[in-house]
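Quick one: the structure is below, questions incoming.
The values are calculated or read from the model by the stated rules, or taken from the named source; none is laboratory data. Just so it is clear, the model here is predicted, and its values are computed rather than measured. In this analysis, Cβ positions are derived from the backbone assuming ideal geometry, glycine residues included, and neighbour counts consider all displayed protein chains. The accessibility values were calculated without ligands, DNA or RNA, using every heavy atom of the protein model including side chains. Shrake-Rupley method; radii C 1.70, N 1.55, O 1.52, S 1.80 Å.
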Amino acid sequence: MAGHYVVRNITRPDADVVAGLREAGVATVHEAMGRVGLVSPEVVPRQNGSAMAGPAVTVASHPGDNLMIHAAVETCREGDVLVVTTTSPSTDGMFGELLATSLRARGVVGLVTDAGVRDIAELRAMGFPVWARAISAQGTVKASPGSVNVPVVCGGRLIRPGDVVVADDDGVLAVPAATAPDALAKARKRLAAEEGKRKQFQEGVLGMDMYGLRELLDRLGVEYVDDLPEDFR
Ligand SMILES: O=C([O-])CC(=O)C(=O)O
Ligand SMILES: [Mg+2]
């Protein structure tokens with residue numbers, strides 16, 4: 001990349017699609033997309049019971065420096081998710097309750113970061129959800145240039161500005177903006193199918209029968225025996 005940029009405008013996907021993806025949840029949408037799109041599970045929810053989805057406003061920050069997070073706040077709108085990455089690995093606590101307060105004032109629904117957060121008790125108390133690689137009190141400076149609203153890699157996953165970031169207790173998922181409506185349609189189909197399966201499981205039907213897994217085990221050469229064979233003793 002040639003230099004550093006603050007890109008003011010991003011294209012945001014339809015709000016109903018975003019809300020639908022949040023309701024469907026990370027695991028279901030991830031499955032519906034063909035088991036892709038997850039941010040590394042090293043980027044951990046730092047609270048319980050929060051679920052969010054929103055268009056990504058992205059930050060590529062110098063490690064140990066939160067200047068570009070402040071620059072990003074100005075580009076955020078109601079319903080956005082801030083995605084913060086560093087240009088080399090860092091666990092410094094570059095985000096805390098003050099920045100959360102500033103983001104909340106602009107209607108941002110949460111933070112996903114490849115780096116560290118601090119003031120975690122205050123963040124939990126104010127109900128601002130964060131998914132972060134680390135909790136660290138390590139302070140940072142405001143000194144180095146970086147970029148806002150450029151494609152970034154967070155937890156090993158490419159996230160473009162305006163992609164839908166879905167996050168809950170299971171982790172973080174990035175849904176490319178162009179495929180978000182299709183992902184939602186598939187997720188809803190999946191939820192309906194799971195409803196039927198749940199009913200059957202409640203009635204005691206075995207997955208072995210529901211999914212035809214006896215035949216599969218047979219094909220795979222798995223043998224049913226009454227006692228542990230000699231070679232395992
Ligand atoms: O200000 C900082 O450097 C990060 C922080 O603790 C906050 O946002 O409250
Ligand atoms: Mg603080």
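Could you say whether any residue in the range 29-37 is within 18 Å of Pro151 (Cβ to Cβ) and touching a residue at least 60 places away in the same chain (Cβ under 8 Å)?
Looking only at the range 29-37, we keep the residues that are within 18 Å of Pro151 (Cβ to Cβ), and these are 36-37.
With touching a residue at least 60 places away in the same chain (Cβ under 8 Å) added as a condition, the list becomes 37.
Yes, the range 29-37 contains a residue that is within 18 Å of Pro151 (Cβ to Cβ) and touching a residue at least 60 places away in the same chain (Cβ under 8 Å).
Go through Ala180, Ala121, Ala193 for me and flag whichever is of a type outside the set (Asp, Glu) and within 15 Å of Arg22 (Cα to Cα). Give the steps one after another, and end with the answer.
Working: Ala121 fails: within 15 Å of Arg22 (Cα to Cα); Ala193 fails: within 15 Å of Arg22 (Cα to Cα).
Going through Ala180, Ala121, Ala193 in turn, the sole match is Ala180.
Quick one: would you say Ala132 is within 16 Å of ligand 2 (Cβ to nearest atom) and either touching a Ser or Thr at 6+ places or on another chain (Cβ under 6 Å) or free of Cβ contacts under 8 Å to residues at least 24 places away in the same chain (or both)? So that I can check it myself, show each step before the final result.
Numbers: within 16 Å of ligand 2 (Cβ to nearest atom): yes; either touching a Ser or Thr at 6+ places or on another chain (Cβ under 6 Å) or free of Cβ contacts under 8 Å to residues at least 24 places away in the same chain (or both): yes.
Spelling it out, Ala132 is indeed within 16 Å of ligand 2 (Cβ to nearest atom) and either touching a Ser or Thr at 6+ places or on another chain (Cβ under 6 Å) or free of Cβ contacts under 8 Å to residues at least 24 places away in the same chain (or both).
If we keep just the residues of the range 92-116 that are among the β-branched types (Val, Ile, Thr) and within 16 Å of ligand 2 (Cβ to nearest atom), which is farthest from the chain's Cα centre (by Cα)?
Taking the range 92-116 and keeping what is among the β-branched types (Val, Ile, Thr), we get 101, 108-109, 112-113.
Filter again for within 16 Å of ligand 2 (Cβ to nearest atom), leaving 101, 113.
Working: Thr101: 21, Thr113: 10 Å.
Per the stated criteria, the residue is Thr101.
Spot the failing condition for Val6; the list is (1) open to solvent by 60 Å² or more (accessible area, probe 1.4 Å); (2) out of contact with any helix residue (DSSP H, G or I) (no Cβ under 6 Å at 6 or more places or on another chain), and only one is missed.
Every listed condition holds for Val6 apart from (2).
If only one of Gly93, Gly107 is touching a residue at least 12 places away in the same chain (Cβ under 8 Å), of a type in the set (Gly, Ala, Ser) and within 10 Å of ligand 1 (Cβ to nearest atom), which one is it?
Testing whether each residue is touching a residue at least 12 places away in the same chain (Cβ under 8 Å), of a type in the set (Gly, Ala, Ser) and within 10 Å of ligand 1 (Cβ to nearest atom) leaves just Gly93.
Checking the structure you have, find out if any residue of the range 113-134 is away from ligand 1 (no atom under 16 Å from the Cβ), part of a loop (DSSP other than H, G, I, E, B) and surrounded by fewer than 24 Cβ atoms within 10 Å (Cβ to Cβ).
no
So how many residues does the range 54-90 have that are more than 12 Å from Val108 (Cβ to Cβ), in contact with a Lys or Arg (Cβ under 8 Å, 6 or more places away or on another chain) and in a loop (DSSP other than H, G, I, E, B)?
1
Sticking with this one: Looking at the structure I just gave you, is Thr75 more than 13 Å from ligand 1 (Cβ to nearest atom) and either closer than 21 Å to Ser40 by Cα or open to solvent by 40 Å² or more (accessible area, probe 1.4 Å) (or both)? Lay out the reasoning, then the answer.
Numbers: more than 13 Å from ligand 1 (Cβ to nearest atom): yes; either closer than 21 Å to Ser40 by Cα or open to solvent by 40 Å² or more (accessible area, probe 1.4 Å) (or both): no.
In short, no.
Further, regarding this structure: Grab the strands (runs of 3 or more DSSP E) fully contained in the range 140-204, keeping just those with 3 or more residues being surrounded by 18 or more Cβ atoms within 10 Å (Cβ to Cβ). Reasoning before the result, please.
Working: elements: 152-154, 157-159, 164-168, 171-175.
It comes to 164-168, 171-175.
Has the range 162-178 got at least one residue that is farther than 20 Å from Ser88 by Cα and either without any contact (Cβ under 8 Å) to a residue 12 or more places away in the chain or outside the structural domain of Gly54 (by the TED database) (or both)?
yes
Given the options Leu98, Leu82, Leu38, name the one that is open to solvent by 30 Å² or more (accessible area, probe 1.4 Å), among the aliphatic types (A, V, I, L, M) and in contact with a Gly (Cβ under 8 Å, 6 or more places away or on another chain). Spell out how you get there, then give the answer.
Numbers: Leu98 fails: in contact with a Gly (Cβ under 8 Å, 6 or more places away or on another chain); Leu82 fails: open to solvent by 30 Å² or more (accessible area, probe 1.4 Å).
Matching residue, one of Leu98, Leu82, Leu38: Leu38.
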